[in-house]
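First the structure, in the form of structure tokens, and then the observations on it.
The values are calculated or read from the model by the stated rules, or taken from the named source; none is laboratory data. Quantities reported herein were computed from a predicted structural model and do not represent experimental measurements. Glycine also receives a Cβ, built like all others from the backbone with ideal geometry; neighbour counts cover every protein chain displayed. Keep in mind that these areas ignore ligands, DNA and RNA; they rest on the heavy atoms of the full protein, side chains included. Shrake-Rupley method; radii C 1.70, N 1.55, O 1.52, S 1.80 Å.
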Amino acid sequence: MAVKTINVSELRCACLDEQWRRRWLAGEKPPTATFSPPGTPPVYGSEFHALAKKFVKWLVAPLSHAESSRLEEPEDIFRVLSTRFADKVLAGILEHGEINSAAALIDALHHFSLRLSQLREKMPKFASWQDVYMAQEYQVKDVQFTLGQASLFVTGHIDCLRIHPQGPVPPTPY
């Protein structure tokens, strides 16, 4: 039986990018991140992920339930995300004169707010954001998946687990 090990970043790429998956299955180690060409303004991806993590943690916290559960429209979600978490980060980027980078981060936060609104809308009988997010910061180590005659072991750090609005995600045929 063939055994392969994959980390969470590679698993994400394998699930979302068929070409990446084919290269990986052929024995290559394709990169999991794309790098911007020279001259491109800095992208604050780490800051985006840190803001998203803090915001989702706030969304699901019992103490914020009364306020967070009322957030429905993308504009309202963005407003709270911005005023509670992002404004200071954006101000720091602007202080360094990186206007294009700040604009790119704002755009990413707008898209994140839209996605949160869509996830909420898909959840039947929404009562709180805990209906959408099962867990955050989930560590996995050597979780085994058997795929025909092969086994796949997944190790890594999952940013969050979301509940699928129609129940369990159906298995993908191979």
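Worth a mention:
- Test set (1) out of contact with any Pro (no Cβ under 6 Å at 6 or more places or on another chain); (2) in contact (Cβ under 8 Å) with a residue 40 or more places away in the chain; (3) of a type in the set (A, V, I, L, M, F, W, C) - residue 86 fails condition number: (2)
- Counted residues, the stretch 40-68 - those being of a type outside the set (Gly, Ala, Ser) and outside any helix (DSSP H, G or I): 5
- Among the numbered conditions (1) open to solvent by less than 50 Å² (accessible area, probe 1.4 Å); (2) touching a residue at least 60 places away in the same chain (Cβ under 8 Å), the only one that residue 57 does not meet is (1).
- Matching entry among 152, 81, 109, 105 (being in contact with a strand residue (DSSP E or B) (Cβ under 7 Å, 6 or more places away or on another chain) and either closer than 30 Å to residue 26 by Cβ or surrounded by 13 or more Cβ atoms within 10 Å (Cβ to Cβ) (or both)): 152
- Any chance residue 59 is within 19 Å of the chain's Cα centre (by Cα), on the phi < 0 side of the Ramachandran plot and modelled with pLDDT of 80 or more: yes
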